[in-house]
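Accompanying notes for the structure given below.
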Amino acid sequence: LITSALLLVGVATPTMHATAVTPATAPPVEVDYSGVIAALQQDVPATMQAAGVVGLTIALVDGPRVVWTQGFGSADREAGMPVTADTLFHIGSLSKTFSAIAVMQLVERGLVDLDKPLSTYVPEFSLLPRFKNSEITVRSVLDHHSGVPGDVFNGLITAGRPNPVFRAWLNAALPAMYPEHKVNTVYAYNNSGYVLLQRLVEKVSGLPFEVYAQRNLFGRMGMASSTFDDTKTPASRLTRNYSAIMAADGTVAGAQREPREFVNGWTAGSITSSARDMAKYVSMLLTRGASKRAMVINPSTLKAMWIPQVDTPLDISIFREGLGFAIGDADLPWAGRVVWHDGATVWNHSMLKLLPDSGLGVFVSVNTEAPGAVSAAVASEALALAYTAKTGAAQPPIAALPVSVPIDYSTALAAGDDGLYAGSTSLFKVQATDAGLAVSSNLGTPTEAVTVFEPFEDGWYRSDAKPAVQFSFRTVEGRHLMLLRTVLGAGPVTLIGAERLAAPTMRSA
């Protein structure tokens, strides 16, 4: 389940000041983005310093035009090597968008049917039987609704040296596992399913995957420095990796160097690329599948990839999933349709974000594991400023959380919501007390904390101790959920925070 349970424990995200950009009074032939660039050149270093980020690279694109590429900070701090537009970064799960396009190219050729079982094209794939009438299709893998066990890491990412047997190990391990859920019941981000797509492309095309990618993806776009095979990425051009050092008071005290990393499940996240290369990719996406060299994917296919594939009751989120891309965004709903994908290895973090209706796109990558989503924050600011410069539309004020009237509390009011709840980052205990609804977060850890929430007329609970978050409970498809409401980006959003765990049963001797 998608969760923002971390909001209950007070994790902060970086803030960036919005520097005013004066829009042109008449639509110019070519938009002047000098003010946007100047604002970002001021903001980005400050944001990096606050979070402890050592190096960052960015590309801003307007349709076929590459507006700006630049590196900030260090690719190798110890050697004094700066980040440039040609420095290579691991882009992580942004690789999944390339993998999805590779599959959709085969769909265009009539070689793959999205709604056929994945095992049609990957015959060695199987899981133990668990659900009736639940066939894992190619489409369900691409839109993360397959139920394939999603994060079987065990060597997916390694430090210091690659793990060439990871895919073989995963193929051998999955037949002894059960599906996590029935197909098309809930979005669940899935690395393992995407790893299997490498075998699909190889089997159907008859080519080694990297050969296919160079011919049909990178080669068609002129991305000469990009590859899925990160073992062949030259160390002289690849950024070094860092992690922020945190002080006792929660501030950043510096950053320490980390070893080189390898992503061994290629189609899930192994691409190394530069801002200059990624600008070509962003431009191709914004120009309806056409690069300056060749057609990469048909406009109708790309359009289909940006349409949400399923909408189930359990998909309570700020976005929906297309085919390899996410649609919808908390930061930029005022700027029209948003298409995006982020990416994270252990130490590299990236964001690709598009405003296809206005032809704008951005790519950002950082080389440091640091507090806050720096790549996402920089990408959102860049697009917001560029959108204002291009259209004249200013970002509206950020909306606050809704207010309501408190109601009298009684233990009986919320007794039905008592229990243990599991989120992706925390175990919660919910207990009705005479003072209110007591919520313990980070249960069983040194950071365990209890907050008492009071009920309000609109069905949401609030606490003066944590005014930035509200929560309520809802049973959906037989699952009892803790829903969170908080302000992200432009205004309030509702997310699944956690799910109540079933009471354990004990067999008698």
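The values are calculated or read from the model by the stated rules, or taken from the named source; none is laboratory data. Everything numeric here is computed off the predicted structure, so don't read it as measured data. Cβ coordinates were reconstructed from backbone atoms using ideal geometry, including for glycine residues, and neighbour counts include every protein chain displayed. Surface areas here come from the heavy atoms of the whole protein model, side chains and all, with no ligands, DNA or RNA. Shrake-Rupley method; radii C 1.70, N 1.55, O 1.52, S 1.80 Å.
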Selected residue (criterion: modelled with the lowest pLDDT) from residues of region 420-432 that are assigned to a loop (DSSP other than H, G, I, E, B) and open to solvent by 40 Å² or more (accessible area, probe 1.4 Å): Ser424
Failed item, numbered, when Ser300 is tested on (1) open to solvent by 40 Å² or more (accessible area, probe 1.4 Å); (2) under 17 Å from Leu352 (Cα atoms): (2)
Enumeration of residues in region 303-323 that are of a type in the set (Asp, Glu) and surrounded by 17 or more Cβ atoms within 10 Å (Cβ to Cβ): Asp315, Glu321
Top-ranked residue in region 184-231 [being assigned to a loop (DSSP other than H, G, I, E, B) and of a type in the set (Phe, Trp, Tyr); ranked as nearest to the chain's Cα centre (by Cα)]: Tyr189
Filter result (over 25 Å from the mean Cα position of the chain (by Cα), open to solvent by 60 Å² or more (accessible area, probe 1.4 Å) and of a type in the set (Gly, Ala, Ser)) within region 455-485: Ala465, Gly478
Residue in region 381-398 that is closer than 30 Å to Gly254 by Cβ and in contact with a Leu (Cβ under 6 Å, 6 or more places away or on another chain) present: yes
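Being assigned to a loop (DSSP other than H, G, I, E, B) and touching a helix residue (DSSP H, G or I) at 6+ places or on another chain (Cβ under 7 Å) is the filter; apply it to region 129-149 and report the residue that is surrounded by the most Cβ atoms within 10 Å (Cβ to Cβ). Don't jump to the end; show me each part of the working.
Initial filter on region 129-149 (assigned to a loop (DSSP other than H, G, I, E, B)): 129-136, 143-149.
Now narrow it down to the ones that are touching a helix residue (DSSP H, G or I) at 6+ places or on another chain (Cβ under 7 Å): 136, 146, 148-149.
Values: Ile136: 21, Ser146: 30, Val148: 27, Pro149: 19.
Per the criteria, the residue is Ser146.
For region 275-290, check the following and say yes or no: at least one residue is over 25 Å from His90 (Cβ atoms), at pLDDT 95 or above and of a type in the set (Val, Ile, Thr). Spell out the reasoning first.
First pass over region 275-290, keeping only residues over 25 Å from His90 (Cβ atoms): 287-290.
The next check asks that each one be at pLDDT 95 or above; those that pass are 287-290.
Still in the running and of a type in the set (Val, Ile, Thr): 287.
There is at least one residue in region 275-290 that is over 25 Å from His90 (Cβ atoms), at pLDDT 95 or above and of a type in the set (Val, Ile, Thr).
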Scan of region 195-246 for residues that are open to solvent by 50 Å² or more (accessible area, probe 1.4 Å) and among the charged types (D, E, K, R), ordered by number: Arg199, Lys203, Arg215, Arg220, Lys232, Arg237, Arg240
Residue list for region 44-61, restricted to those being outside any helix (DSSP H, G or I) and within 29 Å of Leu286 (Cβ to Cβ): Val53, Gly55, Leu56, Thr57, Ile58, Ala59, Leu60, Val61
